[in-house]
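**Student:** Quick one: the structure is below, questions incoming.
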Amino acid sequence: MKGLSTRHLIGIKNITADDIQLIFETADNFKEVINRPIKKVPSLRDITVANLFFESSTRTRVSFELAERRLSADTVNFAASSSSVSKGETLLDTVNNILAMKVDMVVMRHPAPGACVYLSTRIPANIINAGDGTHEHPTQALLDAFSIREKLGGDLAGKKIAIIGDILHSRVALSNVFCLQKLGAKVRVCGPPTLIPKHYGALGVEISHDVRETLRWCDVANVLRIQLERQDIKFFPSLREYHQYFGITKQMLDELDKEIVIMHPGPINRGVELSSDVADGPHNIILQQVENGVAVRMAVLYLLAAGN
Ligand code: CP
């Protein structure tokens, strides 16, 4: 059986195009499983997974929990706010205490970039990064690319994908760039100059500050949330002005001479990066992304466990 080239999923930067294709092929099978009347398979019976969330989450946390249950794994859920972290325990002590209870795999979201790679060199369990600060969110990028492949009916090579919005504070942007480039897509980031980090120029992506021209260029626009909780200074004058210059509206999509696909990883700031008629409209595949997240996470859990 083919396997992944890694025993952790820390970031897309560290995996190969073959790994991504294997995850997609495995997720195709699991998507079929979760659409059956009986949605469960015994693949991870006797495996225990700890979901450690040191930061808020709706989609990723629920999606991992469902993926683990569909695979018949035992799960424990940990939220930092109600744990002994608030009494001053270190991350490593917290995780080692959880692992002492015979946990095999760790899914972790943490506000510090690099928290997962730090743990991966110190603990014996497999680690899956569920988002580390502004660094990477690998399973989001995998489910995004899987959803594009499904919507466009195959290979992403040569497809034009725009990532629009708050690139500076986004872990989704960086993981998407690595994933889409490994699959041969052409990638452009678009947003106000203050929200595009200078180092993106060195990643081999196009950079634009013109959202209308970017919509004309792309086949798919992945629109990112303005992350106000990570902005301690003002990066643009007001949300109203951001929407006026960079928000995607139905009128902008109607003015194009072609159909494009709109994506958003969620949660959405309605009326900021997307108007409600786009967030609820026929161009977007936002809920398909969420559905695909369960199958993709089942694939990642299954393949990492198989590597043991
Ligand atoms: N897309 C995403 O990571 O959403 P959550 O923060 O709700 O998990």
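**Student:** Select, from ILE260, ILE285, ILE268, ILE248, the only residue that is open to solvent by 20 Å² or more (accessible area, probe 1.4 Å) and outside the structural domain of ASN126 (by TED's automatic domain parsing). Reasoning before the result, please.
**Tutor:** Numbers: ILE260 fails: open to solvent by 20 Å² or more (accessible area, probe 1.4 Å); ILE285 fails: open to solvent by 20 Å² or more (accessible area, probe 1.4 Å); ILE248 fails: open to solvent by 20 Å² or more (accessible area, probe 1.4 Å).
Result of the check over ILE260, ILE285, ILE268, ILE248: ILE268.
**Student:** Check segment 108-124 and report whether any residue there is under 27 Å from ALA295 (Cβ atoms), within 16 Å of the ligand (Cβ to nearest atom) and either small (Gly, Ala, Ser) or open to solvent by 60 Å² or more (accessible area, probe 1.4 Å) (or both). Let's see the steps before the verdict.
**Tutor:** From segment 108-124, those under 27 Å from ALA295 (Cβ atoms) are 108-110, 115-117, 119-120; that's our starting set.
Okay, now just the ones that are also within 16 Å of the ligand (Cβ to nearest atom), so 108-110, 115-116.
Now drop any that are not either small (Gly, Ala, Ser) or open to solvent by 60 Å² or more (accessible area, probe 1.4 Å) (or both), which leaves 115.
Checked against the condition, which is being under 27 Å from ALA295 (Cβ atoms), within 16 Å of the ligand (Cβ to nearest atom) and either small (Gly, Ala, Ser) or open to solvent by 60 Å² or more (accessible area, probe 1.4 Å) (or both), segment 108-124 yields at least one hit.
**Student:** When segment 59-76 is examined, which residues are found to be over 15 Å from ARG297 (Cα atoms) and within 16 Å of the ligand (Cβ to nearest atom)?
**Tutor:** Result: no residue meets the conditions.
**Student:** Scan the strands (runs of 3 or more DSSP E) fully inside segment 110-208 and keep the ones with 1 or more residues being in contact (Cβ under 8 Å) with a residue 24 or more places away in the chain and among the hydrophobic types (A, V, I, L, M, F, W, C).
**Tutor:** Per the criteria, 126-132, 160-164, 186-190.
**Student:** Sticking with this one: For segment 135-181, enumerate the residues that are of a type in the set (Asp, Glu) and in contact with a Ser or Thr (Cβ under 6 Å, 6 or more places away or on another chain). Please lay out each step first, then the result.
**Tutor:** If we filter segment 135-181 for residues that are of a type in the set (Asp, Glu), which is where we start, we get 136, 144, 150, 155, 166.
Passing the criteria: only GLU136.
**Student:** Hey, among the residues in segment 75-91 that are within 12 Å of PHE53 (Cβ to Cβ) and without any contact (Cβ under 8 Å) to a residue 24 or more places away in the chain, which one's nearest to the chain's Cα centre (by Cα)? Reasoning before the result, please.
**Tutor:** Of all residues in segment 75-91, those within 12 Å of PHE53 (Cβ to Cβ) come to 76-83, 85.
After this cut, where a residue has to be without any contact (Cβ under 8 Å) to a residue 24 or more places away in the chain as well, the list is 81-83.
Details: SER81: 23, SER82: 25, SER83: 26 Å.
Result: SER81.
**Student:** Which helices (runs of 4 or more DSSP H) sit wholly inside segment 228-306 and have at least 2 residues that are over 24 Å from the mean Cα position of the chain (by Cα)? First the steps, then the outcome.
**Tutor:** Values: elements: 239-246, 250-254, 276-279, 286-306.
By residue number, 239-246, 250-254.
**Student:** Another question, then. Out of (1) touching a strand residue (DSSP E or B) at 6+ places or on another chain (Cβ under 7 Å); (2) open to solvent by 10 Å² or more (accessible area, probe 1.4 Å); (3) within 30 Å of THR134 (Cβ to Cβ), what's the single condition that is false for VAL49?
**Tutor:** The one condition VAL49 does not meet is (2).
The values are calculated or read from the model by the stated rules, or taken from the named source; none is laboratory data. Just so it is clear, the model here is predicted, and its values are computed rather than measured. Glycine also receives a Cβ, built like all others from the backbone with ideal geometry; neighbour counts cover every protein chain displayed. Surface areas here come from the heavy atoms of the whole protein model, side chains and all, with no ligands, DNA or RNA. Shrake-Rupley method; radii C 1.70, N 1.55, O 1.52, S 1.80 Å.
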